[in-house]
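This is the structure I have questions about; it appears just below.
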Amino acid sequence: MSGEGGGFDLGLLDDAGTAYRRYAAGDKIFVAEDEGDCLYVVRSGTVEIRFYGTVLDRIGPGGIFGEIAMIDGGARSATAIAVEDCEVAPVTREGFLVLVRRQPEFALEVMRALARRIRGMNESV
């Protein structure tokens, strides 16, 4: 588990007029098997990714989560819970394409998040 934020420039979300969502500590952002039509970027606070009660990752400011379902259009593979009060930016597939056009580095940030999760799963097996 990394616990670190990403290198993504949150100002790009602000410039795009992103509508942030706020969650209180303990709130579920999404649960496993929910439809996944967006990924999220953490603006403030911490989010845990859990699978049947096991903490798979902790995501802080600048970090990305929910990318798997956004990429493949499938259901959520885990549950995301706000560990503390947090603010997150939902990014739809269309928004993702806009962000990649404006800042190609965003695609690399999503790939890094995905790779980190896959490595984390491999280490836990």
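Each reported figure results from applying straightforward, stated rules to the coordinates on display, with no laboratory input. This one's a predicted model, so the numbers in the text were calculated from it and none came from an experiment. So basically every Cβ, Gly included, is an ideal-geometry build from the backbone, and we count neighbours across all protein chains shown.
5 Å is the cut-off here: which amide hydrogens, built 1.01 Å from N in the peptide plane, fall below it relative to GLU84, excluding neighbours closer than 5 in sequence?
For GLU84, the qualifying residues are GLY26, THR46.
Summing +1 for each Lys or Arg and -1 for each Asp or Glu, what net charge is found among the other residues whose Cβ lies under 13 Å from the Cβ of THR79?
Once positives and negatives cancel, what remains is -2.
Relative to the longest principal axis of the C-alpha atoms of the chain, give the angle of the C-alpha long axis of helix 93-102, reported between 0 and 90° and rounded to the nearest 10°.
50 degrees
Evaluate the Debye formula for region 11-110 with equal point scatterers sitting on the alpha carbons, no solvent, and hand back log10 of I(q)/I(0) at q = 0.18, 0.23 Å⁻¹, in q order, two decimals.
The Debye formula, applied to the Cα set alone, gives -0.80, -1.27.
Helix 105-124 sits at what angle to the longest principal axis of the chain, using alpha carbons and giving 0 to 90 degrees rounded to 10?
The helix 105-124 is inclined about 10 degrees to the chain.
Per residue of region 56-69, what does 6.51 cos²θ - 1.76 cosθ + 1.60 with θ = phi - 60° give for ³J(HN,Hα)? Whole Hz please, x for Gly and Pro, Karplus curve as stated.
Going residue by residue, I get 8, 6, 10, 10, x, x, x, x, 10, 8, x, 6, 4, 5 Hz, with x marking Gly and Pro.
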